[in-house]
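Below is one structure, written out as structure tokens, with a few remarks after it.
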Amino acid sequence: MILGASTFVEGVDFAFMFILGIAFFFLISITAVMIFFIYRYNKKRNPKATQVKDSTTLEITWTVIPLILVMGMFYYGYVGWIPMKKPPEEGVTITSHARMWSFSFEYENGRVSDKLYVPVDTAVIINLNAMDVLHAFYIPAFRIKEDMVPGLANNRTWFEATKTGSYSVFCAEYCGLQHSYMLSEVVVMEQDEFWEWYHDPDAMTLEVPDDADPAILGRQIISSKGCTACHSLDGSSLVGPTFAGRYGETITVITDGQEREVLYDEEYVKRSIYDPDYDITEGFRPGQMLSYEGEISEEEIEFIVAFLESLNE
Ligand SMILES: [Cu+2]
């Protein structure tokens, strides 16, 4: 059977198998009858065609039986779907932020992670927050898929995982160029393990060993925040300008509709991250990149700068 790890699996899989079973039954029986008719009523065996006029019994039969079958499909689909629409009152609440093209998850105590960590056998309510365009929150192993609509109030979904382990989280709504890279993971942990992780204060701050190379830390931030979806490291232009070979250069930007030259330095990088639409890099469009204010600290920007600088070496 297909991998399943939530309380919705039974209902959804039953409806699916029910419909699939009926579909198979008819595929095979109709094909068999067709083959039989080709054999039995071909010109050689049955040279003179019989004219059949209407048959009320037959018409009632082929109306009533399919009606019962589709009502059955509707019933099992509905019964499987209802609990998904009724999040319980009690549970862990997590907000999922989606932006082009990454997910991040924010917990009630302020923790933020790029993977979704949840406790097993506990109701988890996910508030869905689309920051730019339509996305969809999809966890196949849990049988849930819900559109994430920018500005929609009370946009949420929920689940209760029944097995520990890691499962894929996908965006299931085509949301632009790098949509196919918009994926994450849900990690289901034992309850005590989860709460330990949740309250672990060390995990709240970026841990920096004394001898760590700031450029490597910068590289990690750039990947974990999803910057490389729009900024290449090899000189090619994606949605945004490349990161390669630009640090320290004088570049042309549009500020308030006015073209001007600026130095690509730490100040410029910081402004680009906190207020991306202030300067628009020549040849690129405003409104693509969203501000990371509150999401990337000034210290992290220093690491990003160290990384950008290292690309020139
Ligand atoms: Cu998306």
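What follows draws every value from the coordinates through simple rules; no lab data is involved. Just so it is clear, the model here is predicted, and its values are computed rather than measured. Positions of Cβ are backbone-derived with ideal geometry, glycine not excepted, and every protein chain shown enters the neighbour counts.
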When the charge dipole of the chain is computed with +1 on Lys and Arg Cβ and -1 on Asp and Glu Cβ about the Cα centre, the Cα farthest towards its positive end, among Phe14, Pro214, Ile94, belongs to Phe14
For segment 258-267, Karplus-derived ³J(HN,Hα) couplings (6.51, -1.76, 1.60; θ = phi - 60°; whole Hz; x for glycine and proline) come out as 9, 6, 8, 9, 9, 8, 7, 10, 4, 4
If the label point is 7 Å along Cα→Cβ of Asp265, which residues in segment 275-311 have backbone nitrogen under 20 Å from it? 275-276, 278-282, 298-311
Could you pull out every one of the lysines with an alpha carbon less than 21 Å from that of Lys85, ignoring same-chain neighbours closer than 8 positions? Lys145
Work out, step by step, the length gained on full extension between Asp121 and Phe37: first 0.36 nm times the residue separation, then minus their alpha carbon distance; give nm to one decimal. 24.7 nm
Computed, not fitted: 222 nm per-residue ellipticity of the chain from DSSP H runs ≥ 4 (each -39500 (n - 2.57)), nearest 500, equal to -10500 deg cm²/dmol
Local electrostatic count, Cys175, Cβ distance below 13 Å [Lys/Arg +1, Asp/Glu -1]: -2
Reachable aspartates and glutamates from Lys163, criterion Cα separation under 16 angstrom, eight or more residues apart if same chain: Glu10, Asp121, Glu185, Glu190, Asp192, Glu193
Can you list residues whose amide H is under 5 Å from Ala123's amide H, if they're 5+ apart or on another chain and H is modeled 1.01 Å from N? Val92
So for R0 = 25 Å, FRET eff. of Thr56-Tyr78 from the Cβ-Cβ r, to 0.05, ends up at 0.20
Among 143-151, 245-253, the order from most to least packed when residues are scored by Cβ within 10 Å on average: 143-151, 245-253
Phi-based couplings in Hz for segment 164-171 (Karplus 6.51, -1.76, 1.60; Gly and Pro marked x): 6, x, 10, 9, 6, 10, 10, 8
Taking Lys270, Lys48 and counting other beta carbon atoms within 10 angstrom, the fewest-first order is Lys48, Lys270
